[in-house]
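Nothing in this text is a laboratory measurement; each read-out follows from the coordinates by a stated rule. Note that this is a predicted model, so its numbers are computed, not measured. Positions of Cβ are backbone-derived with ideal geometry, glycine not excepted, and every protein chain shown enters the neighbour counts.
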2 protein chains.
Amino acid sequence: MPQGSRPVVLLFDVNETLLDLAPLEESIDEVLLENGASRLWFTTLLQYSLVLTVGGKYESFVDVGAATLMMLARNREVVLSPEQARQALEPMLKLAPHHDVLDALARLKRAGFRMASLSNSSIDACKSQLEHAGLASMFERQLSVESVAKYKPHCEVYQWAAREMKVSEQDCMLVAAHAWDVAGAAWAGMQTAFIERKGNQPFSLALPPSVCASDLHNLADQLAA
Amino acid sequence: MPQGSRPVVLLFDVNETLLDLAPLEESIDEVLLENGASRLWFTTLLQYSLVLTVGGKYESFVDVGAATLMMLARNREVVLSPEQARQALEPMLKLAPHHDVLDALARLKRAGFRMASLSNSSIDACKSQLEHAGLASMFERQLSVESVAKYKPHCEVYQWAAREMKVSEQDCMLVAAHAWDVAGAAWAGMQTAFIERKGNQPFSLALPPSVCASDLHNLADQLAA
């Protein structure tokens, strides 16, 4: 184990950390008529989820996703109806887990960690996603920012999640492939694990993650050793 | 005049609304080895400015810009030193105004509006930017989020700006080319003008802007008529 005491609870981000976004990215690229445009969309979606949060507002992740997709489409002279935008997002509910996920979660569970998911997706969407991916049984709780009506990485989300799990922030480790998620959890007092999925890099203005891991097997090697 | 009473104070966003980002975009595209990659960088910069804000942290806009540029560069197998990243951002301090800006601001000033800038750039950076662009004398005040240590569109920024100008939020109109800025100002109780600069679209989950204008001349036509 690296710095800090062994965490009691592992909180897993879902989209991209556990689930492979590739089919969603294909769907978005197709609508935006450009390979790789989905990366700009996903970043815009994350930006606007926080735009709402700092404005004291909340709309579901899929609604923010559809609204931002319509904006980017109009910049490309593509006019999307709200229905077409939502259709392009449908693959989000049927994503498969990355190859390392199922076995590694089982190993971590056997090693005695309490495990929960903590997602920006709505309560219903997250439930569908984890059921479809065959991961639902791995988690003691499926937590969503919808309960707080603020998006990650708002510090209150992590503080709420720790309270829900009945442990202190220091006893939680947030596991995510996103530098912004890891940054926010660390600022809120949690231990953190940064999973180095393709296309994601650490943020140099954040606290260093407690653990960096190439994938969840590597995380299990480091935590359960 | 459209809905609402005539605003007493016009608050102008600076980057992209008044100043043409083209030379900065060229510099960033060059570093990221891809035409148009600067759009992903600018969105990532805005996302991470809010990541800091919701985490209760603050770093200057140029520092967040350099950190996010380094992340995107690493995703493209380009390793940038912090100095190289800052160098790529240097054109930001020497941007020219869009062609419509100088005349239109003079018209609005003659029409009796009190005018101030309200930027995500730091106090010093904003001062340099407006001096270099020949716009400094147009504004009664140059306001920066640095004074609040929270980024736009956090509602406290607009509330603070109204207090600084000694008027109510309802007597201010925020003028910006960015849907997120207009959204936040409207949620904070301000009147808003959305300037339709290329590559920017309204956000369908926001309140509708009080005014939409194709450029600042068109805004002056609508406000000073």
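The stretch B:162-225 and the stretch A:50-73 have their alpha-carbon centroids 18 Å apart. The charge dipole of the protein assembly as shown, taken about the Cα centre with unit charges on the Cβ atoms of Lys, Arg (+1) and Asp, Glu (-1), comes to about 1100 debye, rounded to the nearest 20. Between copies, B:R86 shows label-point distances of 4.9 nm, shortest first, with the point placed 7 angstrom from Cα along Cα to C-beta.
Which is farthest toward the positive dipole end of the stretch A:22-92 among A:L89, A:S49, A:S27, measuring Cα position about the Cα centre, with Cβ charges +1 (Lys, Arg) and -1 (Asp, Glu)? Value computed over the given set: A:S49. Here is how far apart the B:G112 label points are across copies: 7.7 nm, shortest first, using a point 7 Å from Cα toward Cβ. For the stretch A:22-92, averaging the sequence separation of C-alpha pairs within contact (under 8 Å, six or more residues apart) and dividing by the residue count gives a relative contact order of 38 percent.
Testing the spin-label approximation: label points 7 Å from Cα along Cα→Cβ at A:V79 and B:A149. State their distance in nm. For A:V79 paired with B:A149, the spin-label model returns 4.8 nm.
The charge dipole of chain A, taken about its Cα centre with unit charges on the Cβ atoms of Lys, Arg (+1), Asp and Glu (-1) only, comes to about 620 debye.
Within chain B, DSSP assigns beta bridges of which about 5% are antiparallel (rounded to the nearest 5). Overall shape of the stretch B:22-92 was characterised from the C-alpha gyration tensor. The equivalent ellipsoid obtained from it has semi-axes of 20, 12, 12 Å, in decreasing order.
Among the chymotrypsin sites (Phe, Trp or Tyr not before Pro) in the stretch B:149-225, none is located in a DSSP loop while being surrounded by at most 14 other Cβ atoms within 10 Å of its own Cβ. Given in Å, the Rg to one decimal and the Dmax to the nearest whole number for the Cα atoms of the stretch A:176-223 are 10.0, 28. Note on the protein assembly as shown: helix-only mean residue ellipticity at 222 nm, from DSSP H runs of 4+ residues weighted -39500 (n - 2.57) and normalised by residue number, equals -13500 deg cm²/dmol. A point 7 Å from Cα along Cα→Cβ stands in for A:G36, and the other copies hold the same point at 1.0 nm, listed in rising order. Sequence-distant contacts, meaning Cα pairs under 8 Å at least 6 residues apart, place the relative contact order of chain A at 25 percent.
Over chain B, all Cα pairs binned in 5 Å intervals from 0 give whole-percent P(r) values of 1, 7, 15, 19, 21, 17, 10, 6, 3, 1, 0, listed from short to long.
Within the protein assembly as shown, antiparallel bridges make up roughly 5 percent of the DSSP beta bridges whose residues both belong there.
Among the listed pairs A:K152/B:K150; A:K127/A:K150; A:K166/B:K150; A:K150/B:K57, those with a Cα-Cα distance over 21 Å are A:K166/B:K150.
Counting only Cα atoms, the size of the protein assembly as shown along its three principal axes is 73, 46, 40 Å, in decreasing order.
For A:L174, the residues 5 or more places off, or on other chains, whose built amide H falls under 5 Å of its own are A:L11, A:Q191, A:T192, A:A193.
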